[in-house]
Amino acid sequence: EVVCEEKHMGSRAVIALLLVLAASLGASCDDAAASSLKRVYRIDSCAATIDGNKITIIASGATATGGWSNAQLHQRRAPHGEKNILVFELVATPPLPKKAVVQTLVPVSAKLSMRVPHGSIKQIEIDAEMNSSIAQVIGR
């Protein structure tokens, strides 16, 4: 019976080790997915509205090929001394390198609502790979 207990405890240790390895691989995949976001090809339009202490930003653009997913706006630091502007990048997850995709511009869009970081936001800037777009903030 002592041998069975040792074997059973050994199985538990192996299962615990496998669970730890699986969790760390999952975290690595999540980190890799987050770091794989790239700027989309271009910005076509953007808009921003403030309602109370909430700003909503909408951006539309295009990727250079099909297969992109998960379009989102990522906030960047405004240029030094610029206090009345919020700067974002329109980013998305590109297709896998060997995946067959359509070779044409494909529309993408993203929307972000967030608390206004400070009270005097007058405009937003959205950056893409080939261009940028600036819009006046509506509201307030």
Residue that is nearest to the chain's Cα centre (by Cα) [pool: residues in the range 107-129 that are among the basic types (Lys, Arg) and surrounded by 11 or more Cβ atoms within 10 Å (Cβ to Cβ)]: 111
Enumeration of residues in the range 65-96 that are in contact with a strand residue (DSSP E or B) (Cβ under 8 Å, 6 or more places away or on another chain), open to solvent by 50 Å² or more (accessible area, probe 1.4 Å) and either in a strand (DSSP E or B) or of a type in the set (A, V, I, L, M, F, W, C) (or both): 68, 69, 70, 72, 74, 75, 76
All-but-one check, residue 101 against (1) in contact with a Ser or Thr (Cβ under 8 Å, 6 or more places away or on another chain); (2) part of a strand (DSSP E or B); (3) surrounded by 13 or more Cβ atoms within 10 Å (Cβ to Cβ), failing number (2)
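The values are calculated or read from the model by the stated rules, or taken from the named source; none is laboratory data. Remember, predicted model here, so these are calculated numbers, not experimental data. Methodologically, a virtual Cβ is constructed for each residue, glycine included, from the backbone with ideal geometry; neighbour enumeration extends over all protein chains shown. Ligands, DNA and RNA are stripped out before the accessible areas are found, and what is left, the full protein with its side chains, is counted by its heavy atoms. Shrake-Rupley method; radii C 1.70, N 1.55, O 1.52, S 1.80 Å.
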